[in-house]
Amino acid sequence: MGKKNRKISEEPTKATGKLPKEIEVDLRDRGVSEADVYVCVRTDMDLTCAFTPGYIVMTKNRLITATADPLSGEVHYFKGMETRKTRKIAADREWRFAEFDISDVKKTYIERTVSGGFLILVHKDKDDPEADGAAETVAAVSNHCMSSATKIERLCEKLAEGKEIDDEAMEDDEEEEYCPVCGMMYPDSDRKICPKCMNKKSIFRRTIGYLKPYKGRITVMFLCYLATAALNIVWPYLNGVVLYKKVLGRDENFLSFLSVDGNRYVTILLLLVLTMVMTKLTMQLVGILQGVMTAKIVPRVVKSMRNDVFGAMGKLSINFFTSKQTGSLMTRVMSDSDEVSGFFIDGLPYFLINVFSIIAMAVVMFTLSWPLAVVALMFMPITFFVSWKMLPRLWHRYGRRHRATRSLNSKIHDNLSGARVVKAFGQEGSEVKRFDKSNEKVRSADLAVMNYDNKFSALYSAAENLASLMVYIVGAYLILIQKRFDYAILITFAGYVGQLTGPMDFMSFFFRWFTSCMNSAQRMFEIIDAVPEIAEKENAVSLDTINGTIEMKDVTFGYEKNKPVLKNINMKVEGGHMLGIVGRSGAGKTTIVNLISRLYDPQEGTVTLDGVNLKDLSFKTLRGNVAMVSQETYMFMGTVAENIAYAKKDASRAEIIRAAVLASAHDFICRMPDGYDTIIGSSGRELSGGERQRISIARAILANPKILILDEATAAVDTETEQAIQQSINMLIKGRTTISIAHRLSTLRDADTLIVIDEGKIAEQGTHEELIAKKGVYYKLKELQTKALALKGIE
Amino acid sequence: MGLKNFEGADEEFNLEQMEAETEEMLRMRFLSDTNAKFERTAGGFVSLDIPEGEDGKAEHYDRVRVVRSFPFTAPNTYISIRTTEEKSKEIGIIRDIAKDVSKETRKMLEEQMSLRYFTPVITKINDIKEEYGHAYWDVVTTEGPCKFVIYMNSSSVVSLTDVRLMISDLDGNRFEIPDYTQLSAGELKKLDLFL
């Protein structure tokens with residue numbers, strides 16, 4: 001990339017703002033001065049979609065685009081990879097400019113492609129200002145620079161509407177934020193975590209933190225490990241040197257050391273056997289103790305980790321749960337805590353012990369006989385190397401098998417939950433085929449594991465066996481030919497060689513374990529550290545009593561940035577009044593409700609409750625006063641009574657029954673054999689749609705909110721049930737601010753105001769009578785529902 | 001359907017028109033050289049003229065949107081020609097652009113589609129690194145070297161066929177690997193995490 005003749009400035013290029021240096025001169029030549037410029041935004045493509053650096057400059061009456069060929073080998077950076085320095089400022093770029101007149105702009109829009117879009121400008125028709133005139137493509141952007149295009153689109157729209165472009169409109173959008181350490185753009189601007197810079201050491205330290213409460217137990221465990229290691233070293237010594245050389249060999253020094261004379265030889269032998277038995281027994285006991293300790297600590301640590309993760313998840317905004325990345329993350333996190341604590345409790349101490357064992361054994365072996373020690377240990381680097389080389393690949397294959405199994409499992413799950421459809425369409429046969437395909441993948445992954453595993457163990461045991469064989473050969477040679485030492489030491493040695501393999505195995509596998517554990521810990525902390533987008537302000541306002549007036553001012557919102565679902569919504573509901581929201585599906589009705597209950601914050605504009613911005617309001621005030629009955633009824637695991645009292649845990653039985661009666665749920669509850677104590681929820685009794693709906697209404701009645709949101713509350717039930725539920729709802733809405741979304745307009749008869757949403761905008765607003773008189777969308781809908789249905793004799 | 005009962009009952013409410021609209025939504029119209037004429041326009045778009053449209057009336061569209069019905073499995077058949085507004089409506093379908101339209105028209109439409117479905121093809125994988133729930137890719141594509149980041153989840157790398165992969169980055173920018181078995185052993189190893 002380091003081509004000659006180029007000055008590369010280290011100056012960061014701002015995404016928006018004043019004119020970039022590299023095109024400043026050219027723009028001056030075109031009669032553009034800094035003062036004329038509304039905004040200058042970056043683009044990353046030319047009109048043929050080739051990745052090129054570029055800009056769009058907007059002045060009072062023109063748009064000027066600049067693009068230049070990329071330098072040879074220039075890397076194109078996307079979100080998450082970009083740093084402040086990646087956009088190269090090169091002096092010798094050949095800029096190509098294009099100009100577009102926007103003094104007669106009628107509208108602008110973005111023609112979206114699969115991974116980007118074209119900014120398109122439509123001029124006014126010369127003869128008929130109402131009609132579309134000629135159109136031009138101004139610029140192309142990938143999704144990475146989409147905000148540039150939407151910004152120009154927005155400003156042009158303002159121009160077209162004849163509005164002034166004020167400083168606020170020109171203001172820089174929130175700039176992408178960059179990690180202060182490596183300068184890389186955060187992959188997710190709402191969660192300021194730089195994956196690259198997440199400190200591994202700090203992860204390690206934080207995980208250790210979870211073990212702190214169990215210091216005492218962990219010390220005991222550690223001692224157990226130590227004892228095991230020590231006894232492991234003693235055992236071959238007893239078995240070899242002591243038994244053969246000292247006792248069977250009747251070593252005088254040894255016997256007199258035990259102050260017994262040679263005649264009571266049998267006693268000594270018995271004593272030795274007893275010692276050996278005791279050693280083995282102690283080893284077993286220590287093993288059991290250590291097992292008990294592990295069993296006591298691990299579940300607790302796992303539990304507290306999971307609690308932290310789950311607690312953090314609860315705090316997260318709803319967006320986190322719907323965003324693309326969570327699905328698998330959640331399930332993984334649960335098993336991650338297992339893995340992490342397993343490593344720290346099992347792996348880490350064992351690692352230390354093994355290091356200790358290897359060193360101690362080596363020392364003992366060298367003191368016994370250095371030539372044999374060299375022979376025995378000679379193979380250590382080899383086995384280590386073999387493991388080091390082969391284990392990652394083995395793990396790799398294990399990973400693939402794991403993924404294949406997971407995909408098979410999800411296929412089974414998918415199939416079972418769709419059993420009705422499969423049967424109805426008679427597709428059992430083809431499902432078996434689909435299953436077979438996944439199953440085949442598991443089989444081949446399994447086979448790969450087995451193959452490699454076999455190879456691995458074969459090689460491994462070959463190396464190990466070779467080591468002990470060599471020890472015997474060299475040992476035999478030393479005994480028979482050189483007569484340098486005796487059989488006892490050889491036996492001891494063979495014991496040590498056998499014992500070396502365990503720690504060696506472990507060491508090679510340990511490093512891999514360590515990395516995968518750190519990865520698991522990372523994922524866990526990622527959730528724990530995630531910053532909720534919807535957070536309570538520090539000194540949030542709490543209101544004791546609220547009136548329930550809700551107002552939306554100039555609200556613009558989209559679930560994904562740059563894709564607004566609601567545009568410029570203005571509306572107001574007085575306290576105690578009822579607002580009906582009508583519109584076709586996908587128009588943005590539920591989105592309005594989501595903003596009022598502050599599951600999301602608007603990107604532009606404000607939502608206020610009694611004049612207080614929801615962002616400044618405490619969660620207690622907001623959540624305590626808003627209740628929702630929606631089409632999706634969620635029943636928690638528990639009794640009917642618990643479900644009704646979900647939002648008011650201390651409700652008395654009388655209150656619960658009162659709420660159930662008001663929700664016309666009392667009768668069917670009493671018909672169930674276990675009454676209010678019937679267990680419902682995922683594993684309990686199945687309730688019908690209408691029954692669930694009535695329980696959720698009872699829940700809302702008991703919560704006694706000042707603001708009630710009904711989101712298609714009766715859409716899923718039959719007409720008869722709807723009538724009953726409608727009556728309960730009429731009871732419920734008295735004295736509350738109610739916002740009701742419904743397809744069936746009859747449900748909204750009593751609404752004080754109705755708004756009709758179409759394509760994210762308020763198309764009509766007014767009372768039922770006003771809207772009927774207007775003969776617009778609402779009228780059309782109403783006529784369609786009453787007359788067209790009456791025509792077919794449905795209603 | 002007993003429409004007569006209603007005539008005159010309410011003049012403003014035109015049920016007939018409404019039903020016609022509904023019918024229009026359910027209609028399918030096939031376009032070919034015999035009934036449709038596509039032309040390039042000055043702004044880089046394609047216009048469409050249908051001399052004998054519904055009820056024999058001529059239809060004209062300044063700009064049309066060219067959309068593949070099966071972008072991955074059958075990119076040249078069932079091309080939906082649509083209007084360009086946000087709630088875009090279908091004007092008609094071209095069953096097979098290899099057969100139903102002239103070479104020039106085909107070229108014109110393919111140009112439009114190549115822009116709409118612009119997807120760099122990954123030719124070389126330099127590096128893939130996994131960090132904290134994200135994977136950092138350093139690749140060479142048909143559009144030059146690219147560095148991008150994806151979420152580590154199943155929807156970021158999708159297998160379109162047994163060998164064809166589509167990768168979406170954090171912003172939803174797409175990249176494609178038409179046949180991963182053609183990659184070198186070293187590249188495959190880096191990619192193995194996603195297979």
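The values are calculated or read from the model by the stated rules, or taken from the named source; none is laboratory data. Just so it is clear, the model here is predicted, and its values are computed rather than measured. Counting neighbours? That spans all protein chains shown, and the Cβs are built from the backbone with ideal geometry, glycine included. Side chains are part of the model used for accessible areas, which takes the heavy atoms of the whole protein and leaves out ligands, DNA and RNA. Shrake-Rupley method; radii C 1.70, N 1.55, O 1.52, S 1.80 Å.
Going by the structure shown, is B:E110 closer than 24 Å to A:F118 by Cβ and charged (D, E, K, R)? Criteria met by B:E110. Considering every residue within the range A:91-109, establish whether at least one is open to solvent by less than 20 Å² (accessible area, probe 1.4 Å), closer than 20 Å to B:N173 by Cα, assigned to a strand (DSSP E or B) and more than 10 Å from chain B (Cβ to nearest Cβ). No. Looking only at residues in the range A:25-64 that are within 36 Å of the chain's Cα centre (by Cα) and of a type in the set (G, A, S), which one is nearest to the other protein chains (Cβ to nearest Cβ)? The residue in question is A:A50.
Listed here are the residues, each with its yes/no results for (1) surrounded by 16 or more Cβ atoms within 10 Å (Cβ to Cβ); (2) at pLDDT below 80; (3) within 14 Å of another protein chain (Cβ to nearest Cβ).
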site	(1), (2), (3)
A:G162	no, yes, no
A:E176	no, yes, yes
A:P187	yes, yes, yes
A:P236	yes, yes, no
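Among residues of the range B:119-133 being closer than 30 Å to A:D336 by Cβ and within 9 Å of another protein chain (Cβ to nearest Cβ), the one that is most open to solvent (accessible area, probe 1.4 Å) is B:K129. Reported count of residues in the range B:91-115, each being in contact (Cβ under 8 Å) with a residue 12 or more places away in the chain, in contact with a Phe, Trp or Tyr (Cβ under 9 Å, 6 or more places away or on another chain) and part of a helix (DSSP H, G or I), is 4. Restricting the range A:478-517 to residues that are within 42 Å of the chain's Cα centre (by Cα) and among the small types (G, A, S), the residue that is surrounded by the most Cβ atoms within 10 Å (Cβ to Cβ) is A:S508. Considering only the range B:169-195, state which residues are closer than 19 Å to A:H76 by Cβ, more than 8 Å from every other protein chain (Cβ to nearest Cβ) and not acidic (D, E). Residues satisfying the conditions are B:F175, B:I177. Please tell me if A:G624 is outside any helix (DSSP H, G or I) and either surrounded by fewer than 19 Cβ atoms within 10 Å (Cβ to Cβ) or of a type in the set (F, W, Y) (or both). It is false that A:G624 is outside any helix (DSSP H, G or I) and either surrounded by fewer than 19 Cβ atoms within 10 Å (Cβ to Cβ) or of a type in the set (F, W, Y) (or both).
Take the conditions (1) at pLDDT below 80; (2) within 14 Å of chain B (Cβ to nearest Cβ); A:A763 misses just one of them, which is (1). Checking A:A404, A:A362 one by one, the residue that is within 14 Å of chain B (Cβ to nearest Cβ) and either small (G, A, S) or part of a helix (DSSP H, G or I) (or both) is A:A404 and no other. The requirement of being touching a residue at least 60 places away in the same chain (Cβ under 8 Å) and in a helix (DSSP H, G or I) is satisfied by A:E526. Just a yes or no: is a residue in the range A:701-719 surrounded by fewer than 22 Cβ atoms within 10 Å (Cβ to Cβ), part of a helix (DSSP H, G or I) and polar (S, T, N, Q)? Yes, the range A:701-719 has at least one match.
Of the residues A:R420, A:R400, A:R393, which is open to solvent by 50 Å² or more (accessible area, probe 1.4 Å) and either polar (S, T, N, Q) or free of Cβ contacts under 8 Å to residues at least 40 places away in the same chain (or both)? One residue alone meets the criteria, A:R420. Of all residues in the range B:49-67, those being part of a strand (DSSP E or B) and away from chain A (no Cβ under 14 Å) number 3. Filtering the range B:152-166 to residues that are facing chain A (nearest Cβ under 7 Å) and open to solvent by 30 Å² or more (accessible area, probe 1.4 Å) leaves B:S154, B:S155.
Just one of the numbered conditions (1) farther than 30 Å from A:I679 by Cβ; (2) open to solvent by less than 40 Å² (accessible area, probe 1.4 Å); (3) touching a Lys or Arg at 6+ places or on another chain (Cβ under 7 Å) is not true of A:K537: (2). Of the residues screened, B:K87 is not one that is without any contact (Cβ under 8 Å) to a residue 12 or more places away in the chain, within 25 Å of A:I110 (Cα to Cα) and more than 8 Å from every other protein chain (Cβ to nearest Cβ). Of the residues contained in the range A:429-440, one or more are found to be exposed (fewer than 13 other Cβ atoms within 10 Å of the Cβ) and among the small types (G, A, S). All told, B:R116 meets the bar of being within 10 Å of chain A (Cβ to nearest Cβ) and either out of contact with any Cys (no Cβ under 9 Å at 6 or more places or on another chain) or under 28 Å from A:E136 (Cβ atoms) (or both). Might you check whether a residue that is within 12 Å of the chain's Cα centre (by Cα), open to solvent by 20 Å² or more (accessible area, probe 1.4 Å) and within 30 Å of A:L121 (Cβ to Cβ) occurs anywhere in the range B:87-109? Scanning the range B:87-109 turns up no residue that is within 12 Å of the chain's Cα centre (by Cα), open to solvent by 20 Å² or more (accessible area, probe 1.4 Å) and within 30 Å of A:L121 (Cβ to Cβ).
Being at the interface with chain A (Cβ under 7 Å from one of its Cβ atoms) and either among the acidic types (D, E) or in contact with a Leu (Cβ under 7 Å, 6 or more places away or on another chain) (or both) is the filter here, so list the residues in the range B:134-150 that pass it. Hits for the range B:134-150 are B:E143, B:V149. Residues of the range A:656-680 that are within 40 Å of the chain's Cα centre (by Cα) and surrounded by 15 or more Cβ atoms within 10 Å (Cβ to Cβ): A:I656, A:A659, A:A660, A:A663, A:A665, A:I669, A:Y676, A:T678, A:I680. Taking the criterion of being over 27 Å from A:D667 (Cβ atoms) and either small (G, A, S) or under 33 Å from the mean Cα position of the chain (by Cα) (or both), would at least one residue in the range A:696-718 satisfy it? The answer is yes, given that some residue of the range A:696-718 is over 27 Å from A:D667 (Cβ atoms) and either small (G, A, S) or under 33 Å from the mean Cα position of the chain (by Cα) (or both).
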